[in-house]
Amino acid sequence: MVKELLYEEELVLISNSDYDDIEKVLEKPFLMNTKGCFQRELLESWLKSIGIHSVRYMEFNHLDAIVQGVISGLGASLVPYSVIQRYMGENKLRYFSLPAEYKTIQISLI
């Protein structure tokens, strides 16, 4: 088997535009894919590293549904920046950068 790196994605924490304090965002439920998703595991690792061990989830199976849920105020999420770029001019979302060790994922082809 051969694994080839295709590209890297920057992950960002998103909330609707009502929030400008990351501490408040971290209190919200997280809209994520089901358990086992790499982004969810990365989110859990980061949250544990900052002392948050109990997380409420709402599970979705599609990134657009997650983003629309965040815009509607259901909670926050961790998504690739490329997913939210089209919303940035509309002031519907706010995003927060993560520490370097948690903010990049690699997309590979096997």
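Here is how the numbers come out for the structure above:
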read-out: Gaussian network model of the chain, Cα within-10 Å springs - most flexible of 65, 100, 76; value: 100
read-out: Estimated [θ] at 222 nm from DSSP helical runs (n ≥ 4, -39500 (n - 2.57)) normalised by residues in the chain, nearest 500; value: -6500 deg cm²/dmol
read-out: Choice from 56, 86, 94 with maximal GNM fluctuation in the chain (Cα, 10 Å cutoff); value: 86
read-out: Carbon and sulfur %, accessible surface of region 1-64 computed with the full protein complex present, 1.4 Å; value: 48 percent
read-out: Additional length obtainable on full extension of the chain from residue 61 to residue 10, 0.36 nm per residue less Cα span; value: 16.3 nm
read-out: Positive minus negative residues near residue 92 (Lys, Arg vs Asp, Glu; Cβ under 15 Å); value: -2
read-out: Gained length - residue 38 relative to residue 21, 0.36 nm times residue gap less alpha-carbon distance; value: 3.6 nm
read-out: Rounded accessible area per residue of region 1-83, 1.4 Å, Å²; value: 57 Å²
read-out: Translational D in µm²/s for region 2-110 (Stokes-Einstein at 10 °C, 1.306 mPa s, Kirkwood Rh from C-alpha pairs); value: 112 µm²/s
read-out: Reachable lysines from residue 24, criterion Cα separation under 25 angstrom, eight or more residues apart if same chain; value: 35, 48, 92, 103
read-out: With Cα atoms, 0 to 90° folded angle of helix 38-49 axis to the chain main axis; value: 60 degrees
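The values are calculated or read from the model by the stated rules, or taken from the named source; none is laboratory data. Quick caveat, the model's predicted, so the values are computed rather than measured. Backbone-built Cβ (ideal geometry, glycine too); neighbour counts: all protein chains shown. Note: areas computed on protein heavy atoms with side chains; ligands, DNA, RNA excluded. Shrake-Rupley method; radii C 1.70, N 1.55, O 1.52, S 1.80 Å.
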